[in-house]
Every structure is written in structure tokens, then in C-alpha cells.
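> Dumping the structure here so I can ask a few things about it.
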Amino acid sequence: MNHPSKSTPYAELSPDLVLTIAEQLQLRPDGRLFALNSYENRVYRVGREDAEAVVLKFYREGRWSDAQILEEHAFALELAAAEIPVVAPLQLQNGSTLQRCEGFRVTAFPLQAGAAPELDHPGAREVLGRTLGRIHACGTRQRFRHRLTLEGDRLGGRARQVVLASGRLPDALRDRYADLSAMLLERIEAVWAPLRPLRTVRLHGDCHLGNLLWRPTGPLFVDLDDCMQGPAMQDLWMFLSGSADEQRGQWQQLMSGYEQFAMLDYAEIRLIEALRATRMLNHAAWIAERWADPAFPRAFPWFGEPRFWEQHLNDLAEQCAAVSEPPALAG
């Protein structure tokens, strides 16, 4: 039996082993196997004999506990039962969605078709807003017990420590990063502090265009791997882009759909740039923390170069200013 390590958990996950695991799960694979784009986990499309293909997801060792994964699955199944368009896991052996095979934790999902979303099409953002409103309305029915809450160190403090300890920062830029990131954390906290206690809901958590498929009926949400407890704005802000006027128009379209199913505390608008800052800090830490995984140097070869860190520091400096300014939507 394999025993995946935390730093290189997929070293032994060969195509033959994926097909063997599919056999053990009684999925009757036909030998067709295609690796799908994923860095944090490993995801494969598996063809089946006389049945629709499935997607097998292998969870990274040490990232989530079984309880956290099962809570993710339960949330997806709850949304699907409410006829909200999400891709929910399949129940396999013993009726469980999470299986252990050859030392790996694996889940199967139905393969779903869809196109890349084009939110500038008439009515697209309103439909997206309606769907997000339905997700959040369902998300208010109870709280996560095991998943993370977007608060405290998760707002960037942990990420800052990861980067400083990673050895990836060029020595000449280390002090500047330490100073800028500390200033940014202070400004993030200054935004959050007056809003506490902040209403939170169960969220998708990583709501960007890459986690959306678009079908004739509207959006289909995939990959709840980062679902969490947090403010509703966490699932909304990444769908805003462009000038302040463009963002205000996009926001109106989103809200025209969203508020048909859920209510938003408009004070959360103040969080947008703080949430963007948190994502910037967390993204750099994510790559640094996974650098021992061979997939990451291949996917992000520029990460070790001084010019990346110089640009990252410039971006952090700009974001420090943005967090302190009045939100664009307030105009």
C-alpha cells in the first residue's frame, strides 16, 4: 500500500494505479484516462464500460481532515438536493462519498459538460447572482463545524509567515516584503474591525471563473474544495473587474439576481479590496508552501525569480493604498 508524503503526495500516483483504484471502486474503467488541470489535488477523467465517464479526485495528503472533506461533500449534496447547479460527489462503496484506496483519499464526481462563462452576455450576471443568492440562502441554514472560517490568521497573517519562512524570498527583498506585508495586514484588520461581529454563511469560498461552467440554463459551480464559513462578499467580489463605473454596472446586475434569494449587508462592500489583498498574500504563500511538489516549479517557474518578487512587492504596495481608499462601488 502507498503512503503518500505531505510534500510529494502524488509521486506514486501513476496512470496504472489510477485505473486500479477505479477498478477497486467498481467503476468498471475502460482504460481511457485523461488528467485534468489541478495543482492542489489530482483529478482524472476516467472512461467507463457502458456508462458515463466520471471524474476521480485524489485529495492532497495533510491538507484537509476526513471530517472537513465529508463536510464539503455534505454541503455540495445539500445544494444539489435543493436543485442548485453544483457538481456533487457520487456515493460509492458503503454509501460513502470519500473512499480510501492504496493509501489515497479519493472521491468520484459525475462528468459535466459546459463552456467557459462569458459574463458580459446580456443577463449573464443576473443569472449568476440568482444562483449565488440561492447558494448563500442555503448556506445560512446551519454553520460549518469543521471547515475553516475566513477570519484571524486566514486573512493573510499565516500566509505572511509561510512566505517569510519559505526561503523563496530573495535576501535583498526580504525586509521590504516583511514591512509591506505587515502594513497590509494592519490595513486589512482596520477594514474588518468595525464590521465585527460580521454575519457569515457557508460559502463556495473560491468563486472565480475557473470554477464555473456555463450551460444554456446558466452557471454550474464546480470544486467546493475551499468551501468555508465567511462573509457573503467572498463569493461575489471576484466577478467585478474594470473601471469603477464598469464595476458599479456589474454589481447592479449581480445584485438584481442575488437579492431575489438572499440579503446582503451592504457594509460588506468595504471588504472588497481587503479580500483582494488577502487573496494576493495567500496565493504567494500557497505556491511557496507547495514548492517541493514537482508540479509547482513546472507550473510556476517564474516564482523563484527576483523579478516576480519585485512585481509582487509593487502589487502589495498598490494594494495597501487600495485597501485604505473608499470602495469603488460606493461612488
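The values are calculated or read from the model by the stated rules, or taken from the named source; none is laboratory data. The model shown is predicted, which means the values in this text are computed figures rather than measured ones. Neighbour counts run over all protein chains shown; Cβ positions are idealised from the backbone, glycine included.
> Out of segment 111-124, which residues are over 24 Å from Phe75 (Cα atoms) and surrounded by 14 or more Cβ atoms within 10 Å (Cβ to Cβ)?
Once the filter is applied, which keeps residues that are over 24 Å from Phe75 (Cα atoms) and surrounded by 14 or more Cβ atoms within 10 Å (Cβ to Cβ), segment 111-124 yields Leu119, Ala124.
> What about Arg276, is it over 25 Å from Leu13 (Cα atoms) and part of a helix (DSSP H, G or I)?
Yes, satisfied.
> Could you tell me how many of the residues in segment 288-309 are in contact (Cβ under 8 Å) with a residue 60 or more places away in the chain and assigned to a helix (DSSP H, G or I)?
9
> Moving on to the next point. Name the residues in segment 310-331 that are part of a loop (DSSP other than H, G, I, E, B) and crowded, with 16+ Cβ neighbours inside 10 Å, would you?
Residues of segment 310-331 part of a loop (DSSP other than H, G, I, E, B): 325-327, 331.
Selection gives Pro327 alone.
> So, in segment 127-157, how many residues would count as being closer than 17 Å to Trp237 by Cβ and either surrounded by 17 or more Cβ atoms within 10 Å (Cβ to Cβ) or of a type outside the set (D, E, K, R) (or both)?
Qualifying residue count, segment 127-157: 11.
One line per residue, one yes/no per condition, for (1) more than 30 Å from Leu128 (Cβ to Cβ); (2) at pLDDT below 95; (3) of a type in the set (D, E, K, R):
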| residue | (1), (2), (3) |
| --- | --- |
| Asp16 | yes, no, yes |
| Asp30 | yes, no, yes |
| Ala67 | yes, no, no |
| Ala81 | no, no, no |
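> Next question. State all residues of segment 91-107 that are among the hydrophobic types (A, V, I, L, M, F, W, C) and more than 17 Å from Ala67 (Cα to Cα); if no residue qualifies, say none.
The answer is Leu92, Cys101.
> With respect to Ala88, determine if the residue is closer than 27 Å to Trp214 by Cα, surrounded by 17 or more Cβ atoms within 10 Å (Cβ to Cβ), without any contact (Cβ under 8 Å) to a residue 24 or more places away in the chain and in contact with a Leu (Cβ under 7 Å, 6 or more places away or on another chain).
Judged against the criteria, Ala88 is a match.
> Going by the structure shown, is Gln260 outside any helix (DSSP H, G or I), touching a residue at least 12 places away in the same chain (Cβ under 8 Å) and surrounded by fewer than 18 Cβ atoms within 10 Å (Cβ to Cβ)?
Numbers: outside any helix (DSSP H, G or I): yes; touching a residue at least 12 places away in the same chain (Cβ under 8 Å): yes; surrounded by fewer than 18 Cβ atoms within 10 Å (Cβ to Cβ): yes.
Answer is yes for this residue.
> I'd like to check something: does segment 255-266 contain any residue that is more than 14 Å from Leu329 (Cβ to Cβ), out of contact with any strand residue (DSSP E or B) (no Cβ under 7 Å at 6 or more places or on another chain), among the aromatic types (Phe, Trp, Tyr) and modelled with pLDDT of 95 or more?
yes
> Same structure again: Is it the case that some residue within segment 79-92 is of a type in the set (S, T, N, Q), in a strand (DSSP E or B) and outside the structural domain of Asp235 (by TED's automatic domain parsing)? If you could, list the steps in order and put the result at the bottom.
Initial filter on segment 79-92 (of a type in the set (S, T, N, Q)): 91.
From what is left, the residues that are in a strand (DSSP E or B) are none.
No, segment 79-92 contains no residue that is of a type in the set (S, T, N, Q), in a strand (DSSP E or B) and outside the structural domain of Asp235 (by TED's automatic domain parsing).
> Among the residues of segment 100-148, how many are within 20 Å of the chain's Cα centre (by Cα), over 30 Å from Gln252 (Cβ atoms) and not in a loop (DSSP other than H, G, I, E, B)?
Number satisfying all stated conditions: 6.
> Between Ser96, Ser65, which is of a type in the set (Ser, Thr, Tyr) and in contact (Cβ under 8 Å) with a residue 60 or more places away in the chain?
The match here is Ser65.
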